[in-house]
Amino acid sequence: MSRIITFIGKAGIGQTTLAIATAKWFSQQGKEVLFVTHNPSPNAETLLQTPLTHIPQVVAPNLQAVQLQATTMLDQTWEEVKKLLSLYVPIPDSEEIYSGELILLPGFDSFLYFNAMRQYYQSGEYEVIVYDSRGDLETLRMLGIPGMLDWYFQRFSKMFEGFSLHKIADSIGGPIASALVSANVDAEKLQQGVEQIRSWIAEGTAVVGDASKLTSYLVTSNEPGAIAETRWLWGSAQQINLTVNGVLAYQCQEGDNLNDLQQAFTPLNVTPIPALHEHNWNPLLKALPDFNDNHRSPWPLKIDLESRQLFVFLPGFTKKQVKLTQYGKELTVEAGEQRRNIFLPPDLQKLSIKAGKFEEPYLIVAFEEKQE
């Protein structure tokens, strides 16, 4: 079974260096490793001392590396999309659209990166995939794509039950109706396509929520600004149900005073990592934690049915930065520029919120019987 490891933290702290060190650490254990980066800077190439392309290539024993390129992936994806569309909707030859014409829309690269990671993960060729991302909020939103899409499918699927182009056409009338009817969409094939997408979403949510399949490490320095931003990203990671296993304090030594770091990231283990000098990776590799030992952070979400309480783990936030709203059978938690929709278990759906309070690092929600 493949495993993905990624890193979160303030830009410029050393995430790419630590990602490469982690890839080397696993490869030296005999694991088949793929190092994946989509950062356009040449930093990874300089550290690996190897030019990278969009095709995985061997850079060391048991270690391959690839640089994701959005424009190349857009070309490849477009050909796949056209084949898929041709199964359901006839595309006139006169309306040919070529991949080289396509413009990359803002934010669409995140979908391309996620799809590439999904394909590498499902290929089964690699035991460990080390993902060198930007490590910021954009990365967290990318990793949260399956959960977001799953919510939309659950909420809007009933709206499309009994979907009929002919009924829509009758209500519209005119040339638009004629176009809809003549589209000749195969509803059965369309439904099969939707089910395939739903299976991809289910697989994605299973990976993001499983610490044995996807884990992350926080990367920071001893500088107060880096600590504050990394704590904020730690809390933001909880909004997508991402497990954080520990903290790597880059450019720190064993003898350094790490009390502030340890206090800021309790209960995570803080591991000091020395700086890289002249491509001498051995000190870094020796300092890295045992990535095979899954030190667990608190669960992002805990529900206690007996006490009728719900606990949301949100480190790095203050009371003013957290908003709670109840919509029917769901609770919506806003924090870190993200919304997380929590489907309540049946026993709590019948109850109303008695109190919601923020006691760092937890948002605690208590329920009571609804007043008649």
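A few comments on the model shown:
- Only a single criterion out of (1) at pLDDT 90 or above; (2) within 22 Å of the chain's Cα centre (by Cα); (3) closer than 24 Å to residue 152 by Cβ; (4) open to solvent by 30 Å² or more (accessible area, probe 1.4 Å) is not satisfied by residue 337, namely (1).
- Selected residue (only one of 315, 361, 346, 300 is modelled with pLDDT under 90 and closer than 26 Å to residue 147 by Cβ): 300
- Checked against (1) in contact with a strand residue (DSSP E or B) (Cβ under 6 Å, 6 or more places away or on another chain); (2) surrounded by fewer than 19 Cβ atoms within 10 Å (Cβ to Cβ); (3) not aliphatic (A, V, I, L, M), residue 16 passes all but a single condition, namely (2).
- Conditions (1) in a loop (DSSP other than H, G, I, E, B); (2) at pLDDT below 90; (3) small (Gly, Ala, Ser); number of the one not met by residue 352: (1)
- Residues that are closer than 23 Å to residue 21 by Cβ, modelled with pLDDT of 80 or more and either surrounded by fewer than 24 Cβ atoms within 10 Å (Cβ to Cβ) or among the aliphatic types (A, V, I, L, M) (or both) do not occur anywhere in segment 200-209.
- Scanning segment 276-302 for residues that are hydrophobic (A, V, I, L, M, F, W, C), open to solvent by less than 70 Å² (accessible area, probe 1.4 Å) and free of Cβ contacts under 8 Å to residues at least 40 places away in the same chain yields a single hit, 287.
- Unmet criterion (only one of (1) open to solvent by 30 Å² or more (accessible area, probe 1.4 Å); (2) within 27 Å of the chain's Cα centre (by Cα); (3) on the phi > 0 side of the Ramachandran plot) for residue 318: (3)
- Within segment 164-177, none of the residues are among the basic types (Lys, Arg) and modelled with pLDDT of 85 or more.
- Tally of residues being under 14 Å from residue 10 (Cβ atoms) and either in contact (Cβ under 8 Å) with a residue 40 or more places away in the chain or not hydrophobic (A, V, I, L, M, F, W, C) (or both) across segment 201-227: 10
- Residue 185 being in a loop (DSSP other than H, G, I, E, B), at pLDDT below 75 and surrounded by 12 or more Cβ atoms within 10 Å (Cβ to Cβ): yes
- A single entry from 351, 305, 324 fulfils the requirement of being over 28 Å from the mean Cα position of the chain (by Cα), in contact (Cβ under 8 Å) with a residue 40 or more places away in the chain and open to solvent by 50 Å² or more (accessible area, probe 1.4 Å): 305.
- Verdict on residue 116 being at pLDDT 90 or above, open to solvent by less than 40 Å² (accessible area, probe 1.4 Å) and either over 23 Å from the mean Cα position of the chain (by Cα) or small (Gly, Ala, Ser) (or both): no
- Residue in segment 210-254 that is modelled with the lowest pLDDT, counting only those that are polar (S, T, N, Q) and open to solvent by 20 Å² or more (accessible area, probe 1.4 Å): 253
- Residue count for segment 48-66, restricted to those that are open to solvent by 20 Å² or more (accessible area, probe 1.4 Å), part of a strand (DSSP E or B) and under 24 Å from residue 277 (Cα atoms): 4.
- Selection from segment 244-264 of residues that are farther than 18 Å from residue 15 by Cα and of a type outside the set (Asp, Glu): 255, 257, 258, 259, 262, 263, 264
The values are calculated or read from the model by the stated rules, or taken from the named source; none is laboratory data. All values derive from a computational prediction rather than experimental measurement. Here the Cβ is made from the backbone with ideal geometry for all residues, glycine too, and neighbour counts use every protein chain on show. The protein model used for the area step is the full one, side chains on, heavy atoms only, and it has no ligands, DNA or RNA in it. Shrake-Rupley method; radii C 1.70, N 1.55, O 1.52, S 1.80 Å.
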